[in-house]
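Notes to accompany the following structure.
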Amino acid sequence: MGKITKFGDDGEEVTMKETPTSHQPETQDDVSMADAGEEGEEGQEEYEEEESTKVRLLPGSTPTAASFEFLEENHTLGNALRYVIMKNPDVEFCAYAIPHPSEAKMNVRIQTYEGTTAVEALRKGLRDIQELCDVVSDKFLEARKDFTEKKAAASA
């Protein structure tokens, strides 16, 4: 199979692996969460850095209403994240969507009340999910240990 190529804006040949993962045109509004709130020059170096992140802020976002694109995620994280973020009293709205089943992407939309930002709400939601997973893991390991001890005691 031959190499699939595409020509970039400057006429330079690039492989399909180097092209953006989204069909949306790249604009200056496309920033990763790490860059949210910071302005920088767009260039090949910034694009390569953005490609390594799993979350990016989509264009058209404001501080209190933002859409995020998660790469390589699905309904498992989407529904849990939506549920946890909606528990935050500073959040007015949160929803997620899988744009197309053949693309490994998930979009999350968050709208907050004044006083907090969508990026802060997302970070809090991700931290809350991590803490919840830690609790579940600890409880599971404790129950497994108790089970194996009881099983060993019963067979002895």
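Details
- Residue in the stretch 118-127 that is farther than 27 Å from GLU72 by Cα and β-branched (Val, Ile, Thr) present: no
- Given (1) loosely packed, with under 12 Cβ neighbours inside 10 Å; (2) in a loop (DSSP other than H, G, I, E, B), index of the condition GLU103 fails: (1)
- Taking the stretch 106-125 as the range and being open to solvent by less than 10 Å² (accessible area, probe 1.4 Å), touching an Asp or Glu at 6+ places or on another chain (Cβ under 9 Å) and not in a strand (DSSP E or B) as the test, only ALA121 passes.
- Residues that are part of a loop (DSSP other than H, G, I, E, B) and within 13 Å of ASN107 (Cβ to Cβ) were ranked within the stretch 60-74; the one that is most open to solvent (accessible area, probe 1.4 Å) is ASN74.
- The stretch 75-100, residues that are part of a loop (DSSP other than H, G, I, E, B) and either in contact with a strand residue (DSSP E or B) (Cβ under 7 Å, 6 or more places away or on another chain) or surrounded by 14 or more Cβ atoms within 10 Å (Cβ to Cβ) (or both): ASN88, ASP90, ILE98, PRO99
The values are calculated or read from the model by the stated rules, or taken from the named source; none is laboratory data. Values in this document were obtained by computation on a predicted structure and should not be read as measured data. Neighbour counts run over all protein chains shown; Cβ positions are idealised from the backbone, glycine included. Accessible surface areas use protein heavy atoms only, side chains included; no ligands, DNA or RNA. Shrake-Rupley method; radii C 1.70, N 1.55, O 1.52, S 1.80 Å.
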